[in-house]
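The values are calculated or read from the model by the stated rules, or taken from the named source; none is laboratory data. What you see is a predicted model; the values in this text were computed from it and never measured. Glycine gets a Cβ as well: all are built from the backbone with ideal geometry, and neighbour counts include every protein chain shown.
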Amino acid sequence: MAKGKIIIALGGNALEREGVPATAQSQLAIVEQACGYLAEIVKQGYQIAVVHGNGPQVGRILLASEAARQLTPALPIDVCGAMSEGYIGYHIQQAMRKALRGTAQEYLPVVTVVTQVVVDAADLRFQNPTKPIGPFYSEAEARLLAEQKGYVMREDAGRGWRRVVASPVPRRIVEIESICGLWQSAIVVACGGGGVPVVEQEDGRLAGVEAVIDKDYAAELLAEQLDADVLLILTRPERVCLNYLLPDQIGLERMTVAEAERYMAEGHFAPGSMLPKVEAALCFVRGKPDKRAIIGPLFKAVEALEGRAGTLIIA
């Protein structure tokens, strides 16, 4: 009997290190370090599934595709997302098996599921794309891409112009029954990068769309559908903070739903950074006193579970 069931959301930036060349070998080495922390949770007797981010990785796939567009057609975003699910999942499989070698869980399978996640074609977020992807362009290049391909291009903090796509809310995980079955006897890597966004067509078929799903929201949906006990969101800061990076910064050990809602209304959590993590945590625990959500640092994952690090969010 497992000690508890945990969905772990692992940020894409936790799979790379600033200043380290982004080669396959360097990423595997960094993934091995990350999986060392996750393996400690498994050794404690917990049952885990992993949802990883893919921002830097899918950006490189898009960059390679754009660079080769004179030789071969550029790949659509849903295909790039699926590619990133495959290769990041492969690295996690290798790294977790290595981390568990010589332990009681040495032969526990690690399985990656390339996961489709249904979104609503009528989601208003499609009308206001905000998620930057891919390389930077000059203004002239951006205008040309907008004219030729219909891309939505926006200036990004003085660094150049980038393509932006919608980030719709995840509604349904297509492969959930298979994931549930695998989870009984394996560590499952699923909904990577938020999953491949698809919409249901009138004839029942699924079609990929040009969008990116936030991995924290996808992890929350997976946690609900697998009836997990804990949603553990691992990131860089040691705690969720008020007045982040200001002289009066305050790290929070715990938040109730009501407190978190007040802090959000006061603008303490940055969109695209801490805000989706807090929103996902609230969605998981709201009205569920037996559930816990924790936002904490990767390098103190076990301590966060034990209440000695990170921020606990409860109903």
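If the condition is being surrounded by 24 or more Cβ atoms within 10 Å (Cβ to Cβ) and part of a strand (DSSP E or B), then the stretch 186-243 contributes Ile187, Val188, Val189, Val196, Pro197, Ala211, Leu231, Leu232, Ile233, Leu234, Val240.
Taking every residue in the stretch 60-75 that is in the same structural domain as Gln27 (by TED's automatic domain parsing) and among the small types (Gly, Ala, Ser) and pairing it with any residue that is in a helix (DSSP H, G or I) and at pLDDT 80 or above, at least 6 positions away or on another chain, the pairs with Cβ-Cβ distances below 6 Å are Ala74/Ser65.
Each residue in the stretch 90-111 was checked for being in a loop (DSSP other than H, G, I, E, B) and small (Gly, Ala, Ser), and 2 pass.
Of the residues that sit in the stretch 53-87 and are within 18 Å of Val196 (Cα to Cα), at pLDDT 85 or above and of a type in the set (Val, Ile, Thr), which one is surrounded by the fewest Cβ atoms within 10 Å (Cβ to Cβ)? For the stretch 53-87, the residue satisfying everything is Val79.
I need the full set of residues from the stretch 101-127 which are of a type outside the set (Ser, Thr, Tyr), closer than 15 Å to Ser185 by Cα and within 23 Å of the chain's Cα centre (by Cα), in order please.
Pro109, Val110, Val111, Val113 - these are the residues of the stretch 101-127 that are of a type outside the set (Ser, Thr, Tyr), closer than 15 Å to Ser185 by Cα and within 23 Å of the chain's Cα centre (by Cα).
Considering the stretch 249-270, and only residues there that are touching a residue at least 12 places away in the same chain (Cβ under 8 Å) and exposed (fewer than 13 other Cβ atoms within 10 Å of the Cβ), the residue that is nearest to the chain's Cα centre (by Cα) turns out to be Ala270. Taking the stated definitions as given, is Ala293 among the hydrophobic types (A, V, I, L, M, F, W, C) and either part of a loop (DSSP other than H, G, I, E, B) or under 19 Å from Gly36 (Cα atoms) (or both)? No: the conditions fail for Ala293. Of the numbered conditions (1) assigned to a helix (DSSP H, G or I); (2) at pLDDT 90 or above; (3) of a type outside the set (Ser, Thr, Tyr), Val50 fails exactly one; give the number of that condition. Only one criterion in (1) assigned to a helix (DSSP H, G or I); (2) at pLDDT 90 or above; (3) of a type outside the set (Ser, Thr, Tyr) is unmet by Val50, namely (1). For residues that are among the polar types (S, T, N, Q) and at pLDDT below 95, scanning just the stretch 146-184, find the one that is surrounded by the most Cβ atoms within 10 Å (Cβ to Cβ). Restricting to residues being among the polar types (S, T, N, Q) and at pLDDT below 95, the top hit is Ser167. Of all the numbered requirements in (1) among the hydroxyl-bearing types (Ser, Thr, Tyr); (2) buried (at least 19 other Cβ atoms within 10 Å of the Cβ); (3) closer than 20 Å to Val51 by Cα, Tyr137 misses one, and that requirement is (3). Which members of the stretch 255-275 meet the condition of being part of a loop (DSSP other than H, G, I, E, B) and of a type in the set (Gly, Ala, Ser)? Matches in the stretch 255-275: Gly267, Ala270, Gly272, Ser273. Can you name the condition, by its number, that Thr103 falls short on among (1) out of contact with any Lys or Arg (no Cβ under 7 Å at 6 or more places or on another chain); (2) assigned by TED's automatic domain parsing to the domain that holds Ala68? Of everything listed in (1) out of contact with any Lys or Arg (no Cβ under 7 Å at 6 or more places or on another chain); (2) assigned by TED's automatic domain parsing to the domain that holds Ala68, Thr103 misses just condition (1).
Close Cβ contacts (under 6 Å, 6 or more residues apart or on different chains) running from residues in the stretch 221-235 that are in contact (Cβ under 8 Å) with a residue 12 or more places away in the chain and in the same structural domain as Ala293 (by TED's automatic domain parsing) to residues that are part of a strand (DSSP E or B) and of a type in the set (D, E, K, R) comprise Ala228/Lys5; Asp229/Lys5; Val230/Arg292. Kindly establish whether Arg125 is under 30 Å from Ala228 (Cα atoms) and either without any contact (Cβ under 8 Å) to a residue 40 or more places away in the chain or small (Gly, Ala, Ser) (or both). In short, no.
How many residues does the stretch 115-134 hold that are surrounded by fewer than 14 Cβ atoms within 10 Å (Cβ to Cβ), in a helix (DSSP H, G or I) and not polar (S, T, N, Q)? Residues in the stretch 115-134 being surrounded by fewer than 14 Cβ atoms within 10 Å (Cβ to Cβ), in a helix (DSSP H, G or I) and not polar (S, T, N, Q): 1 in total.
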